[in-house]
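The values are calculated or read from the model by the stated rules, or taken from the named source; none is laboratory data. Quick caveat: nothing in here was measured; it's all calculated off a predicted structure. Here the Cβ is made from the backbone with ideal geometry for all residues, glycine too, and neighbour counts use every protein chain on show.
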Amino acid sequence: MNPTIQTHNLTKRFGHTEVLREINLAVPEGAIYALVGPNGAGKTTMIKLLMNILRPTAGSARVLGLESHELAGEVFSRIAYVSENQEMPEAMTVTGMLEYMRPFYPRWDRELERQLVRQFDLPMERKLKHLSRGMKMKAAFASSLAYRPKLIVLDEPFTGLDPLVRDELIESLLERAPETTIFLSSHDLAEIESFASHVGYLEEGRMLFSEEMAVLAERFREVTVTLASPVKLPHDLPSAWLQAETVDCVVRFVHSEYRGEMSEREVVERFAGVRDVACEAMPLRSIFLAIAKTGRMQNHAAQRTAVDGRTQA
Amino acid sequence: MRQVLNIFRKDTRQYWIEIALSVVIAIAFVLMYPSQWKVTHDQNADQHALWFTALLILLLITSWWLLIARVILAESLVGDRQFWLTRPYEWKSLLAAKATFLAVWIGVPYLVTQAYLLAEAGFHPLSYVPGLLYGLRCVFLVFVLPVFCVAAVTSNFGRLVLAMLGCFVLFTGFMFLAFGLPHGYMTSTPYPNALLYPLLFAGCAVALTVQYATRRTWLTRGLLMGLSVLLALTVFVYRMQSLVDRAYPQPSAGSAAPLIIRSIPTVAHPVEARTWDKEDYIDLPVQYSGVADGTAVFGDDMKFTITAADGSRWSSPWQAMQERILPGSQYAEIHMMISPEIYDRFKQRPVTLQVTFAVRRYQSDTVTRVPFPMHETAIAGLGICAWKYEGPAILNCRAALHETALMHVAVQWSTANCTELRTLANTIAETDDWIEPYGPEFSLVSVWDRSMMFGYGAGDARGRVCEGNPMTVTQYHLVNRTQSDMTLTNIQLPVEVHPT
């Protein structure tokens, strides 16, 4: 089965600033893919490249079987795109906007539209510019879901929304999930953890990983090693061991390539006098924090090395 | 098509206030404009009406620009946050919808109001459909398309206004450089600029297509800048000196000279030199003659060659002349512009001065004799005319869509009161005026309105033009453009150069 979205070394530079660097990802059909990362990581740029709003500097992306630069016109009747900072036709009423959008979409479902309007409790005769942020987002959702898109792309859709509105929107999305592929970006891990099937982590323009949530959860473990006597951490720890630290006789780290007994054996072999090895499953938030902190430490170390190198030169 | 109509309906609903504003101004304009030709005999009222219609024209154009800005920016092509970018808009449909909107809400009201104006002026609009469409085409090329292009490469109304102001400053600067600088090397334009409109249309069409198809804004901006440069170049090229030589060829051997020009310096009218704005001017009194009856000659440009006895020589570029020369003898003064440095080289010694004139020769066609009309009367070639004011009598004529050709209008005036019997005895003389085409190819207004003024002396000698006084209207057509020479040998140019 062809992935709904696939990128190959997707790169975007604005002048000398590299915003995205050689991104490779694949979003299978039917997936709910969450692209997460801190603010400024490049998530919005990534989505704009996928939607042909921006053009890549290098690399390529395919969406619904088309090169991203071919996305225009009719193909958007199969794609829904909602962004937190999208400029809507503010002077239109909700009714006016829905009436205007309807003829663009051959598969527009009037019944679904009515259902969404009821579900979101939209004030139909109010202009968009007079709607609250939450209501505006609901109106955008209603106008984007009513034509049963094959792909729903959401850029930080829940940012700044109250929990009630957020839950309503997520619920409406999940109702569509069986018939569509959802690709959304967020910097809030908690909001996507409950329903995303796949996740990608973007930091400073680099994709640190992109995989299925279940595999990710299986791959990461918080390992606590209890030793007979205090030990100094060796420098040559495996690269898959993140954030290693030691307190008295206890060594803690995050194992990013956990493979059950094999990994535990590896731990026992690495340290002398191991009394106990505990491997705990990690919540998504902890996994991301570990990855993010490690990434930043590595970046700082690389920058320091570069500065030192220049100083010596 | 469905998408085009959908976008068009949305825009019409959304911008009905702007549409209504533009239509109301257009209606106000066509209701006011006829006051320009209506006989009121009140110069003040007419002046106010003139100002008001001028203001309405400005408002009308501004309302068009506002409409264009609003409708194009509704689906702005610049930026990455517009909702429509990820909706199933076909670029061709979007462009067609915007063009349809402008055609329906600017073009149709323009056509309707201009047809109304024609009818109000006494012309049947259906007889002038091609002319009305030509006017519409010109309005779109001059007032709509450029703003459409600028709106297509700007992201919001504020930036559009700034861009328009920038364009206005550049345009004014260019016009000042091209036409406003006080230099004498300005020639008349022998050819209409045949490239201007096609280039403007093609350039704008390409830029809009590229922008709507690809949204590569910087590329489109580059195209538009290139287009502006090209248009400016055509303006300069069409004023090039070499074009004057091509447009006004030397007369063929054996052909009769269109006129005779003699230099006639006298004690009362000597050759004089003056300085103005860092240039010297030599004023040469001349006499024109030899213009055949039934013809008229228009001097457009002239150039000078000074040759000294030692063989040193200076030739000027073509300089503007703008003189109307009629049958009979006519005295005038021509002005040679020369830089002070060059003039210093020649003024101390006798020189030969050759003057070459670039002239247009006209032949009279039809001569119509009609009684001077006090009330609206259709006169062949002139249009519909009526007497407007007493004193220096003004005859106001209006024509449909196009300017009249070159015309000479002569009226006899008399010392008799208009109630008295007018006889040859009290017919004093004939006064005349000319109507020369301005040259522009179109006007925003479908009715061309021209006035002729006839002077009558003053005080006791003041005469009158009364209804029924004989009036002769002579229509001319262009025969050819040619050159004519005058050579002055062994003349001494003035040593003293006076300030102007």
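Numbers at a glance
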read-out: Residues satisfying the stated conditions in the range A:251-281, i.e. of a type in the set (A, V, I, L, M) and surrounded by fewer than 16 Cβ atoms within 10 Å (Cβ to Cβ); value: A:262, A:268, A:272, A:278, A:281
read-out: Filter result for residue A:97 (out of contact with any strand residue (DSSP E or B) (no Cβ under 7 Å at 6 or more places or on another chain), surrounded by 14 or more Cβ atoms within 10 Å (Cβ to Cβ) and at pLDDT 90 or above); value: yes
read-out: Filter pass, residue A:104 being at the interface with another protein chain (Cβ under 9 Å from one of its Cβ atoms) and not small (Gly, Ala, Ser); value: yes
read-out: Filter result for residue B:282 (over 25 Å from residue B:174 (Cα atoms) and surrounded by fewer than 17 Cβ atoms within 10 Å (Cβ to Cβ)); value: no
read-out: Helices (runs of 4 or more DSSP H) (entirely within the range B:60-167) containing at least 3 residues that are within 14 Å of chain A (Cβ to nearest Cβ), within 22 Å of residue A:91 (Cα to Cα) and in contact with a Phe, Trp or Tyr (Cβ under 7 Å, 6 or more places away or on another chain); value: B:91-102
read-out: Search result, residues across the range B:212-249 that are under 27 Å from residue B:360 (Cβ atoms), surrounded by fewer than 16 Cβ atoms within 10 Å (Cβ to Cβ) and of a type outside the set (Ser, Thr, Tyr); value: B:233, B:236, B:237, B:240, B:241, B:246, B:249
read-out: Subset of the range B:6-20 (residues that are in contact (Cβ under 8 Å) with a residue 40 or more places away in the chain and either surrounded by fewer than 17 Cβ atoms within 10 Å (Cβ to Cβ) or at positive phi (or both)); value: B:12
read-out: Candidate set: the range A:75-100, residues that are in contact (Cβ under 8 Å) with a residue 40 or more places away in the chain and part of a helix (DSSP H, G or I); chosen: the one nearest to the other protein chains (Cβ to nearest Cβ); value: A:77
read-out: Any hit, the range A:225-233, residues being of a type in the set (Ser, Thr, Tyr), at pLDDT below 90 and within 24 Å of the chain's Cα centre (by Cα); value: no
read-out: Residue, surrounded by the fewest Cβ atoms within 10 Å (Cβ to Cβ), within the range B:114-156, restricted to residues that are within 23 Å of the chain's Cα centre (by Cα) and of a type in the set (Ser, Thr, Tyr); value: B:134
read-out: Meets criteria (more than 9 Å from chain B (Cβ to nearest Cβ) and over 14 Å from the mean Cα position of the chain (by Cα)) for residue A:62; value: yes
read-out: Some residue of the range B:14-34 being in contact with a Lys or Arg (Cβ under 7 Å, 6 or more places away or on another chain) and either more than 14 Å from chain A (Cβ to nearest Cβ) or closer than 25 Å to residue B:118 by Cβ (or both); value: no
read-out: Residues (at pLDDT 85 or above and either among the β-branched types (Val, Ile, Thr) or surrounded by fewer than 21 Cβ atoms within 10 Å (Cβ to Cβ) (or both)) located in the range B:348-359; value: B:350, B:351, B:352, B:354, B:355, B:356, B:359
read-out: Residue check for residue B:389: crowded, with 17+ Cβ neighbours inside 10 Å, out of contact with any strand residue (DSSP E or B) (no Cβ under 7 Å at 6 or more places or on another chain), under 30 Å from residue B:119 (Cα atoms) and at pLDDT below 75; value: yes
read-out: Top-ranked residue in the range B:223-257 [being polar (S, T, N, Q) and assigned to a helix (DSSP H, G or I); ranked as farthest from residue B:177 (Cα to Cα)]; value: B:242
read-out: Residue count for the range B:20-59, restricted to those that are at pLDDT 85 or above and not in a helix (DSSP H, G or I); value: 0
